[in-house]
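Worksheet: the structure to be examined is printed underneath.
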Amino acid sequence: MTIDFTLQKYVRFCRIIKESSLPILTFSEFIEKGQPQFPLIVLRHDIDRSFQKAVQIAEVEASYGLRSTYYIRMTKQVYRPSMIRKLVRRGHEVGYHYETLTRAKGDCFLSISLFEEELEMLRRIVNIKTISMHGSPLSKWNNMDIWKFYDYKKYDVDEILLSIAYFNIHYFTDTGRSWERSYNIRDRVGSISPQNSICSTEDLIEYLQFKIEGPVFINVHPNRWTSGFFNLCISIFSDWGINQIKRMISKINGTWNS
């Protein structure tokens, strides 16, 4: 039995989807095509902590001629202009991974001010066409709620979850170190569920090889995919601890589905 969520496993994942001959799009390309219904794959990455791992993932994809969208948090660890430019040089799209409502502690006016400031900072480096909220699962604020009071289209961007919320797609995320939804609190859309449970990357690969019928969106967090025994152990135990906290919060809120 092979260990999942390793860099080696991601290499296999990229090779398989390259061999599938399916269109592999960035998110903005999907929007520009008018949200097509034929089989295709949209790859997305949320850079939550490690930019070094994001670059490793980007290099693997580039080696197979794949392009994807990387969403940047505006933290000291992630907002690194030279590294952002490196992603762009490899042919990838860059988007804004906003979390301003959490940082503003629910203050909508302060939140939109922070949003405008950070979006402008990123646009000094790269053209930003799409945005994605950071889930902030341990926060009581949902960052996407800011759009109940403001219109993101004013900023000439598409919010990815809102843009595909009513569209017939298959959506998979590795949140919680699994491709099924138990530990995914906020990164959800009303997507079509496959008939068989998809938990491991091998399950997902099999689905992409034989069962895909329409657009498939895949969200990969680079910090989760690692190599080396020590780094792998740290990643596994970190995810396990965070998952227990998520489970406790979800049970308190009555939203846990086991």
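Worth pointing out:
- Long-range Cα-Cα pairs in segment 81-165 (distance over 21 Å), rounded percent: 30 percent
- Residue (of TYR98, LEU114, TYR79) at the positive-pole extreme of segment 47-124, dipole from beta-carbon charges: TYR79
- Along each principal axis, Cα extent of segment 1-124, largest first, Å: 47, 35, 30
- Segment 96-137 and segment 145-179: distance between their alpha carbon centers, rounded to Å: 14 Å
- Packing-based ranking of 7-18, 90-101 yields 90-101, 7-18, ordered from highest to lowest mean Cβ neighbour count within 10 Å.
- Long-range HN-HN contacts of GLY95 with modeled amide H, under 5 Å: TYR70, TYR71, ILE72
- The Rg/Rh ratio for segment 16-78 is 1.02, where Rg is the radius of gyration of the alpha carbons and Rh is the Kirkwood radius.
Bear in mind these aren't lab numbers, they're just calculated from the coordinates by the rules spelled out. What you are looking at is a predicted structure, and each value in this text was computed from that prediction instead of being measured. Reconstructed Cβ throughout: ideal geometry from the backbone, glycine too, with neighbour counts over all protein chains shown.
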